[in-house]
Amino acid sequence: MARVAVITAPNIGYRNTGMLSVDLAFESLRRRAGGAFDATWYTLHTPDTVPLRACARGTDVPFAFQPLAENLDALRDHDAVVFWGDFLHTRHYLAQDATNRLLDFGIAADRDAARGLLNRTLLLADQPDELLARTLSYGGTVLHNSQSDYEDKEYGPLFTRLVRRSHRMWVRDPLSAAKITHLRGDRTTDHFGADAALLSRPGDLGHLPVTAWSRSVPQGGAIGVFLGARTPVPDWLPAHCQALSDRLGAPLEWLPWFDRDVPAPVAHIPARPGEHTIGDLFAVLPRYRLVITDTYHLAVNAWGAGTPAVCVGAPEPTPKTHDDYLTLSDVKKHVFHMAYDATDFYLSTQEGSEGRQGRDRDLDRLVRLLEGGGAATVAARIRAHADHSAAAFTETLTSLLASSRPPRSA
């Protein structure tokens, strides 16, 4: 059977539910393909580097990660290599998040050693062109890359080589797709893929264990709220959430997408009682009337489940210092909604010159879209693109695997 090496971003302790949804989506594709290939999973730091979060313990996830740095030579034994999701190839991720984690866990002695290791693992610096020709990338982003990044004498040539010599790349936003088009010089291939999490269709994650926690949504629906994890909660937002609840006749409830304290501005929103599993966090999404969040992958997963998401973000561009993690920038949330004509559902934290009157108009527009079918149209648009992109990726991977395997002797 064909073998595929899948390289994903590290998700220590399975703390990030959205990143887990990205990884689960590859297994969803593999299952829909009839298990026609085996997948070997690699990441920089395996989930058990730290204790697993409580709701993930005991969950039989369909992958077992191996540390990438220790298994680089094993990549050549696979029929294809797939980079799956996230910021894996962006210069800021290599210089910031990834380097800092290597130092935190004592894997690299200093920043130079860390960058050298990252060049070998995520940019395949020491791998032959033949391996790059069997490499696909799906669902990543280079949203924040700029010319100054390509001028870097180390990153620029390695990233450009990976982009140009890989078999094919799909990125999760149209701006990144334009960048890949420029670098590859290929203006006929579609490089705009969906976010990888969207490649799980509704029902695909039904193999994860759930409890009564996700089945007890109040009659008529509820509004799941998760705020304060990525963007400070503005003073006016709690009242705006309550106004949406009143207009829709659906109570607000706290959705524990991450394990964290409920921020003070929305501490009055009740949490559903009882213990939940990771599976519950996905299973509850299609049962909600609406989700309100500042967290990118919760919004993505909600839309993928057919549930509208009101996404909150700071206005962009905002000044960045060398200490800011661009992976946490609100740009990705705004661009996602722009790509699908869904900016009616994106709320800026900036008050705006019209103040309360402007927010009231935003509220009226949202209610009309939610009750009149506009939100369903957006969800269908997102699903149609994800399904089209999933088919293109699966067809390409299947063809690549067929060409990589030696012909059988007569």
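The values are calculated or read from the model by the stated rules, or taken from the named source; none is laboratory data. Note that the structure is a prediction, hence the values are computed from the model and not measured. Note that each Cβ is placed from the backbone with ideal geometry, even for glycine, and that neighbours are counted across all protein chains shown. Keep in mind that these areas ignore ligands, DNA and RNA; they rest on the heavy atoms of the full protein, side chains included. Shrake-Rupley method; radii C 1.70, N 1.55, O 1.52, S 1.80 Å.
Scanning the range 1-18 for residues that are in contact with a strand residue (DSSP E or B) (Cβ under 7 Å, 6 or more places away or on another chain) and either under 25 Å from Thr277 (Cβ atoms) or without any contact (Cβ under 8 Å) to a residue 12 or more places away in the chain (or both) yields Val6, Thr8, Ala9, Pro10. Residues in the range 221-240 that are open to solvent by 60 Å² or more (accessible area, probe 1.4 Å) and under 16 Å from Tyr346 (Cα atoms): Arg230, Pro232. Selection of the range 289-316 for residues being open to solvent by 10 Å² or more (accessible area, probe 1.4 Å) and modelled with pLDDT of 95 or more yields Arg289, Tyr296, His297, Asn301, Gly304, Ala305, Gly306, Pro308. Filtering His276, His268 for residues that are buried (at least 19 other Cβ atoms within 10 Å of the Cβ) and part of a loop (DSSP other than H, G, I, E, B) leaves a single hit, His276.
Residues in the range 32-53 that are open to solvent by 20 Å² or more (accessible area, probe 1.4 Å) and charged (D, E, K, R): Arg32, Asp38, Asp48.
For the range 349-360, the count of residues that are within 28 Å of the chain's Cα centre (by Cα), closer than 20 Å to Thr295 by Cβ and modelled with pLDDT under 95 is at least one. Just one of the numbered conditions (1) touching a residue at least 12 places away in the same chain (Cβ under 8 Å); (2) open to solvent by 20 Å² or more (accessible area, probe 1.4 Å); (3) over 27 Å from Ala25 (Cβ atoms) is not true of Ala114: (2). For the range 279-292, filtering for residues that are assigned to a loop (DSSP other than H, G, I, E, B) and in contact with a Gly (Cβ under 6 Å, 6 or more places away or on another chain) leaves 2.
Given the criterion within 15 Å of Val284 (Cβ to Cβ), modelled with pLDDT of 95 or more and either open to solvent by 50 Å² or more (accessible area, probe 1.4 Å) or part of a loop (DSSP other than H, G, I, E, B) (or both), identify the matching residue among Pro218, Pro256, Pro157. Outline the logic, then answer.
Values: Pro218 fails: modelled with pLDDT of 95 or more; Pro157 fails: within 15 Å of Val284 (Cβ to Cβ).
Just a single option satisfies the conditions, and that option is Pro256.
Residues of the range 64-90 that are open to solvent by 20 Å² or more (accessible area, probe 1.4 Å), within 25 Å of Arg168 (Cα to Cα) and either more than 20 Å from the chain's Cα centre (by Cα) or modelled with pLDDT under 95 (or both): Gln66, Pro67, Ala69, Asn71, Leu72, Asp73, Ala74, Arg76, Asp77, Asp79, Asp86.
Hey, can you tell me all the residues within the range 179-215 that are in a helix (DSSP H, G or I) and open to solvent by 50 Å² or more (accessible area, probe 1.4 Å)? Result: His182, Arg184, Ala212, Arg215.
Determine, yes or no, whether Cys241 is assigned to a helix (DSSP H, G or I) and either modelled with pLDDT under 95 or in contact with a Leu (Cβ under 9 Å, 6 or more places away or on another chain) (or both). Yes: the conditions hold for Cys241.
On the stretch given as the range 162-178, residues that are over 15 Å from the mean Cα position of the chain (by Cα) and in a loop (DSSP other than H, G, I, E, B) total 2.
Could you please find all residues in the range 46-95 being touching a helix residue (DSSP H, G or I) at 6+ places or on another chain (Cβ under 6 Å) and of a type in the set (Gly, Ala, Ser)? Ala56, Ala69, Ala80, Gly85 - these are the residues of the range 46-95 that are touching a helix residue (DSSP H, G or I) at 6+ places or on another chain (Cβ under 6 Å) and of a type in the set (Gly, Ala, Ser). Close Cβ contacts (under 7 Å, 6 or more residues apart or on different chains) running from residues in the range 24-39 that are among the charged types (D, E, K, R) to residues that are open to solvent by 40 Å² or more (accessible area, probe 1.4 Å) and modelled with pLDDT under 95 comprise Asp38/Met1. Within the range 261-317, the set of residues being within 23 Å of Phe87 (Cα to Cα) and polar (S, T, N, Q) comprises Thr293, Thr295, Asn301.
Under the condition of being part of a loop (DSSP other than H, G, I, E, B), within 23 Å of the chain's Cα centre (by Cα) and touching a residue at least 12 places away in the same chain (Cβ under 8 Å), the residues counted in the range 117-151 number 7. Filtered by the rule that a residue be in contact with a helix residue (DSSP H, G or I) (Cβ under 9 Å, 6 or more places away or on another chain), in a helix (DSSP H, G or I), farther than 21 Å from Asp246 by Cβ and open to solvent by less than 60 Å² (accessible area, probe 1.4 Å), the range 343-401 gives Val378, Ala379, Ile382, Arg383, His385, Ala386, Asp387, Ser389, Ala390, Phe393, Thr394, Leu397.
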